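Have a look at the structure below, then the notes.
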Amino acid sequence: MMNWIWAGIAIVGITWGLITGQQAALSQGVLQGAIDAVGLCVKLAGGFALWSGLLAILEKGGAMESLAKAAEPLLRRLFPGTGLKARQSIAMNMTANLLGLGNAATPQGLEAMRRMGAESSVNESNGAATDAMCVFLVINASSIQLFPTTVIAMRAAAGSASPASIVTATLVSSGISTLAGIAACVILRNVFWRRRA
């Protein structure tokens, strides 16, 4: 759907530029936009490489497994009925999100969902998401960010004088949204559990 929306916007813009006789400005804008996009990608690549590399080093060094074990009591309460492998994937996903690495978090998030689905008899019987899967989705979407690397890299690439000044605001707002999401999941789980019972 988004492809159709973007294509429609581009077609309308190009058509309007041609109708109004702005061919030179249109050509210059398209070319400058392409140049700026490539420049932004190159500037962002360094930050992504740094944090993705750090995450890979932590994973290879066993730190991620240690983190999963340290977070085990919390993860067991948040995701009841999940196995150790699923909780390890959840811990790795959350760590990547804490570092602001949504791209690195996605594969672990998908793996966690796959493992939770494979462990659940509810999911096997009717394809429905389990309570643990719903909580994980909410936490993954709100994702507490200690260090929003993507936004900081984008602000630095745009020439911000203080690109990391958003860290406190991001931590507070993402923390509040995560707690609100978990609270909503607990309330809804209790309401639906009572109805099922």
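The values are calculated or read from the model by the stated rules, or taken from the named source; none is laboratory data. Predicted model only: the values in this text are computed from it and were never measured. Every residue, glycine as well, gets a Cβ built from its backbone with ideal geometry; the counts of neighbours run over all protein chains shown.
Structural remarks
- Filter pass, SER165 being more than 19 Å from the chain's Cα centre (by Cα), assigned to a loop (DSSP other than H, G, I, E, B) and over 23 Å from GLY83 (Cα atoms): no
Residue-by-condition table, conditions (1) over 30 Å from CYS185 (Cβ atoms); (2) modelled with pLDDT under 80; (3) part of a helix (DSSP H, G or I):
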| residue | (1), (2), (3) |
| --- | --- |
| TRP16 | yes, no, yes |
| GLY21 | yes, no, no |
| ALA34 | yes, no, yes |
| VAL42 | yes, no, yes |
| GLY47 | yes, yes, yes |
| MET64 | no, yes, yes |
| LEU75 | no, no, yes |
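- Scanning the range 47-84 for residues being surrounded by 12 or more Cβ atoms within 10 Å (Cβ to Cβ) and over 26 Å from GLU119 (Cα atoms) gives a total of 9.
- Every pair of residues 6+ apart whose Cβ atoms lie under 8 Å, when the first sits in the range 68-88 and is closer than 15 Å to THR130 by Cβ and charged (D, E, K, R) while the second is modelled with pLDDT under 85 and exposed (fewer than 12 other Cβ atoms within 10 Å of the Cβ): none
- GLY159 vs. criteria over 15 Å from ASN97 (Cα atoms), at pLDDT 80 or above and either touching a helix residue (DSSP H, G or I) at 6+ places or on another chain (Cβ under 8 Å) or not in a loop (DSSP other than H, G, I, E, B) (or both): no
- A Cβ distance below 8 Å, combined with a sequence gap of six or more or placement on separate chains, defines the contacts here; from the range 102-120, residues that are on the phi < 0 side of the Ramachandran plot reach residues that are surrounded by fewer than 16 Cβ atoms within 10 Å (Cβ to Cβ) and not in a helix (DSSP H, G or I) in the pairs ARG115/GLY83; GLU119/GLY81; GLU119/GLY83; SER120/GLY81.
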